[in-house]
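So the structure is just underneath, and the comments pick up after that.
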């Protein structure tokens with residue numbers, strides 16, 4: 001399929017199914033429901049409940065498909081749109097203080113408080 005054909009197919013899908021995405025085609029409704037229920041319908045990075053934001057939460061690949069991450073329950077996290085967009089496909093970052101490469105927070109392995117802190121409404 002040409003790029004134009006792919007674009008038109010995706011545009012048609014998004015127009016008829018506004019919450020559809022490439023991830024949605026790999027992560028079925030049942031798996032998405034399992035991810036959301038496990039997270040108690042809160043973003044696993046920011047802890048914001050999905051009822052408290054304007055856009056629906058999304059399923060995030062902790063290790064992205066770009067890095068050969070699989071669409072399995074253990075590699076999926078529930079994320080608000082802003083956290084999911086900010087993280088993107090990253091799996092590591094450079095610590096500005098030490099210039100060391102550090103692995104990003106992994107909700108299945110790491111305690112939340114080891115990577116984040118919260119002061120009032122600020123994370």
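The values are calculated or read from the model by the stated rules, or taken from the named source; none is laboratory data. All values derive from a computational prediction rather than experimental measurement. Heads up, the Cβs are rebuilt from the backbone with ideal geometry, glycines too, and the neighbour counts pull from every protein chain shown.
Sort out which residues of the range 45-58 are in a loop (DSSP other than H, G, I, E, B) and in contact with a helix residue (DSSP H, G or I) (Cβ under 6 Å, 6 or more places away or on another chain), and write them in order of number.
Result: 45, 46, 55, 57.
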Next on the checklist: Tell me yes or no: at least one residue of the range 106-123 is surrounded by 11 or more Cβ atoms within 10 Å (Cβ to Cβ) and in a strand (DSSP E or B).
Outcome noted: no
Checklist outcome for this item: The number of residues in the range 59-95 that are under 11 Å from the mean Cα position of the chain (by Cα) and part of a helix (DSSP H, G or I) is 8
Next on the checklist: Any residue that is farther than 26 Å from residue 104 by Cβ and either surrounded by 10 or more Cβ atoms within 10 Å (Cβ to Cβ) or at pLDDT 95 or above (or both) - is there at least one of those in the range 17-27?
Outcome noted: yes
Checklist entry - Can you find even one residue in the range 33-43 that is at pLDDT 95 or above, farther than 30 Å from residue 120 by Cβ and either assigned to a loop (DSSP other than H, G, I, E, B) or touching a helix residue (DSSP H, G or I) at 6+ places or on another chain (Cβ under 7 Å) (or both)? => result yes
